[in-house]
Amino acid sequence: MLNIGLLGLGTVGTGIVQILEERKQYLENLVKQEINISKVLVKDIDKRRDIKINKEKLTTDIYEIIEDDNIDLIIEVMGGLDKPYHCIKEALNKGKDVITANKAVVAKYLEELTELAKERNKFFLYEASVGGGMPIIKPLKEQININEIQEIKGILNGTSNYILTKMTSDNLDFEDALKISQGLGYAEANPIDDIEGYDTRRKLRILSTIAFKDKIDEENISCYGISSINCDDIRNIKGMNSTVKLLGTAVVNDNKYYANVEPVILNQNSYFGKVDNANNLVSFVGDVVGELRFFGEGAGKFPTANAIVSDLIDITANTYPRNCIWENKNLNNINQLYEGKYYMRITTEKEIKDKIEGYIIDNRITENIIENKDSIAFTTKSISKKKLEKVVETFMINSQDYFIARLEV
């Protein structure tokens, strides 16, 4: 019998229980043993829930689960950072396999927890932490045995993608699109992690560390979100027969890498350009296999629970790659040296706009001025983003009064 300790019985936790109940006979035949949710950590035992579960299995004491020698595997879906981290660490030290959907914990403690699992000869799996229901971690780990991965690129945050989709398709301003996404449960009451790109940065840190076999720190991933985009930007981008997406990109070459999270203007018919609503798309390029793409729902009750149950099957069937994911290559970060073409819009008074126009022409920044009416909007030659930041500094432009997106058209 496989005895499971489930930490958390919220949206994802209930999804796990439902899948294990509804697919019980099939899954048990597959793994050739009985699957039993032995104990479940909750905040309130007496809370009314949408699923039927024996109250005797519920506990508010984490150590009642961690210290139970009969429990073989821990599934952590309670959210947060410090408490889940300590629970996962304690569980591994107690000789239990661990599955988590917690991207914050995985992003911060990936190397430590992976090494601990290796020392204890246990699994530490986290498929659901990056792509929700979209499988990407396992295929990536399998391919690094054969390939040198050269690039990771992805729409990794469903909330930001939904907001940009609604702004583009329904001509909504940012705040209205955000409110709709919050009403649908895509965005939190405080959506900063989604709209400022921090959630995407955590996921890119996990993927690029695995792909490049070296620790890629979050602070070495430049991050710029979508909170300042407005209807003028959407109109201008549509005028280029293009669309805009928040992308995480990491590229390695000759022991150097750059990694960034930023809005990117794409051909509307490109495969990234056609990914709408809360869907995710990730691609990686290997020197042998070429480009592989993975598409799916990046969040939600059942997609996330599905990824966790998939990890559960892999552990039970012992079909998961155990390879060490880094080789301490000491890759050099070259974000500051990266150059590309950009779109920029600045909203300010006419006198300042005229000065900005003169500045970007004199400094050979601009390739094309799109408009200079209510705002000044232009595209650039191939330059470093630092030159655009210099424009902002020179004219003391507030962060909400400008928007920058890299061009891939």
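The values are calculated or read from the model by the stated rules, or taken from the named source; none is laboratory data. Given the structure is predicted, the values throughout are model-derived calculations rather than measurements. Note that we place each Cβ from the backbone using ideal geometry, even for glycine, and neighbour counts take in every protein chain shown. These accessible areas exclude ligands, DNA and RNA; they are computed on the full protein's heavy atoms, side chains included. Shrake-Rupley method; radii C 1.70, N 1.55, O 1.52, S 1.80 Å.
Under 16 Å from a label point 7 Å along Cα→Cβ of GLU389: give me every residue in segment 243-270 with its amide N that close.
258-263, by backbone N distance to the label point.
How high is the FRET efficiency between ARG48 and PHE295 when r is their beta carbon distance and R₀ equals 51 Å, given to the nearest 0.05? Display every interim value, and only then the final one.
Values: r = 37 Å, r/R0 = 0.72.
That gives a FRET efficiency of 0.90.
Take the residue pairs LYS83/LYS122; LYS153/LYS386; LYS108/LYS387; LYS57/LYS141; LYS24/LYS52 and return only those whose Cα atoms are more than 24 Å apart.
Where the Cα-Cα span goes over 24 Å, the pairs concerned are LYS108/LYS387; LYS57/LYS141.
So what is Rg over Rh here for segment 2-125, counting just Cα atoms and using Kirkwood for Rh?
Details: Rg = 14.1 Å, Rh = 14.8 Å.
Taking Rg over the Kirkwood Rh, I get 0.95.
Testing the spin-label approximation: label points 7 Å from Cα along Cα→Cβ at ILE146 and ASN398. State their distance in nm.
5.4
Highest GNM mean-square fluctuation, the chain, Cα pairs closer than 10 Å: which of THR316, THR11, THR394?
Per the Cα network of the chain with a 10 Å cutoff, THR394 tops the list.
May I have the convex hull volume per residue, in Å³, for the Cα set of segment 338-407? Working shown, then result.
Details: hull volume 5.3 nm³, N = 70.
Per residue, the Cα convex hull of segment 338-407 comes to 75 Å³.
Run through the DSSP bridge list for the chain and note the antiparallel percent, rounded to the nearest 5. Display every interim value, and only then the final one.
Working: 46 of 71 bridges.
Taking every DSSP beta bridge with both residues in the chain, the antiparallel ones total about 65 percent.
Mind listing P(r) for segment 146-280? All alpha-carbon pairs, 5 Å bins, whole percents.
2, 11, 21, 22, 18, 13, 8, 4, 1, 0
Please compute the per residue accessible area over segment 338-407 with all protein chains in place, 1.4 Å probe, rounded to a whole number of Å². Show your work: numbers first, answer last.
Numbers: 3740 Å² over 70 residues.
With the other protein chains kept in place, segment 338-407 gives 53 Å² per residue.
Explain nothing, just the number: relative contact order of the chain, from Cα pairs under 8 Å at least 6 residues apart, as a whole percent.
Rounded, it is 17 percent for the chain.
Kindly flag which residue pairs out of LYS55/LYS89; LYS166/LYS256; LYS329/LYS385; LYS96/LYS166; LYS43/LYS245; LYS47/LYS274 have an alpha-carbon separation exceeding 32 Å in this structure. Walk me through the numbers before you get to the answer.
Working: LYS55/LYS89 27 Å; LYS166/LYS256 37 Å; LYS329/LYS385 27 Å; LYS96/LYS166 44 Å; LYS43/LYS245 38 Å; LYS47/LYS274 42 Å.
Pairs exceeding the cut-off: LYS166/LYS256; LYS96/LYS166; LYS43/LYS245; LYS47/LYS274.
Within the chain, what whole-number % of the accessible surface is contributed by carbon and sulfur, with the 1.4 Å probe and all protein chains included in the calculation? Please report the intermediate quantities before stating the final value.
Values: 8190 of 18580 Å².
Here it works out to 44 percent.
R0 = 25 Å: FRET efficiency of ARG364 with ASP254, Cβ-based, nearest 0.05? Display every interim value, and only then the final one.
Details: r = 29 Å, r/R0 = 1.15.
Rounded to the nearest 0.05, the efficiency is 0.30.
Any idea how far the Cα center of segment 144-194 sits from the one of segment 32-50, in Å?
Between the Cα centre of segment 144-194 and that of segment 32-50, the gap is 32 Å.
For the chain, build the convex hull from the C-alpha positions and give me its volume per residue in Å³. Present the calculation step by step, with values, prior to reporting the outcome.
Values: hull volume 59.7 nm³, N = 409.
Looking at the chain, the number lands at 146 Å³ per residue.
For a Förster distance of 25 Å, can you work out the FRET efficiency between the beta-carbons of ILE352 and ILE192, rounded to the nearest 0.05? Show your work: numbers first, answer last.
Working: r = 28 Å, r/R0 = 1.14.
For ILE352 and ILE192, the calculated efficiency is 0.30.
Could you rank the peptides 134-143, 265-274 by their average count of other C-beta atoms within 10 Å per residue, with the highest value first?
Working: 134-143: 19.7, 265-274: 16.7.
In decreasing order of mean packing, 134-143, 265-274 become 134-143, 265-274.
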